[in-house]
Structures are given as C-alpha cells and as structure tokens.
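The values are calculated or read from the model by the stated rules, or taken from the named source; none is laboratory data. Here the structure is a predicted model, which means the values were calculated and not measured. Cβ atoms come from the backbone with ideal geometry, glycine included; neighbour counts cover every protein chain shown. Each accessible area value is taken on the protein alone, full model and side chains, heavy atoms only, with ligands, DNA and RNA left out. Shrake-Rupley method; radii C 1.70, N 1.55, O 1.52, S 1.80 Å.
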Amino acid sequence: QVQLVESGGDLVEAGGSLGLSCAASGTIFRLNAMGWYRQAPGKQRELVARISSGGITNYADSVKGRFTIDRDNAKNTVYLQMNSLKPEDTAVYYCAADLSGTPYSWGQGTQVTVSS
C-alpha cells in the first residue's frame, strides 16, 4: 500500500517562502508522477504542480514563477518550494501519486496559511 506523508506546512507572512516535502513508501517511487494539490475552504481541490517520472514539470498559472516542484528519487521524496506567497495561497496542500495522470494515492495534507 502506498503511503504519502506531507510535511512543512506553516503560518507565513505574505511575501514569504515555505518548503513542503512529501515522503513516499510502498511504491516504486521513480515510476510515479507526483503532484501537489491544494484545497482552500469552500473551493475544489486543484492541481498546483506536477512532475513526471522523467522530471517534466507543469504548474497552475496562479503559481508559475513562484513555486517550484522537484523530486529526489533516491529519497523517495517530492518537494514544493513556494516563494512570494500570497494570502490566496492559503489552503491544505496534498501530494498525490499517479501513473497516468489520475492520482491513485493521496497524502493526509498539510496546512499552509499566508497572512496578509
């Protein structure tokens, strides 16, 4: 069974930076694409960033130029570096694993709160 455990969520001021990590176990990590999603109160969960097994990245327009997704296959970990944070980035952030575009496993989420 695949397990994904996020960490790094925190309260940060607008304009600040935060790094999230997601450690995976129970899967051949390097074969999976990994994504970061977020869900704000009253809103649908949305894709923030995704990195393929080959390292190709894509980002939501709202975070392009501010967020960076990366992966370390040796550590079975995917990262999300968030810079120039805005209050509208406040959400629960989830990592997810997929093999064909649709996530099949989710982490429990980590709260990111950006104060204005």
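Against the list (1) surrounded by 19 or more Cβ atoms within 10 Å (Cβ to Cβ); (2) at pLDDT below 95, the condition residue 101 fails is (1). Here 59, 37 are screened, and the one residue that is within 20 Å of residue 111 (Cα to Cα), without any contact (Cβ under 8 Å) to a residue 40 or more places away in the chain and surrounded by 16 or more Cβ atoms within 10 Å (Cβ to Cβ) is 59.
If only residues of the range 17-34 that are over 14 Å from residue 80 (Cβ atoms) and assigned to a loop (DSSP other than H, G, I, E, B) are counted, the one that is most open to solvent (accessible area, probe 1.4 Å) is 28. Within the set 74, 91, 14, the sole residue that is open to solvent by 20 Å² or more (accessible area, probe 1.4 Å), farther than 16 Å from residue 4 by Cα, at pLDDT 95 or above and of a type in the set (Gly, Ala, Ser) turns out to be 14.
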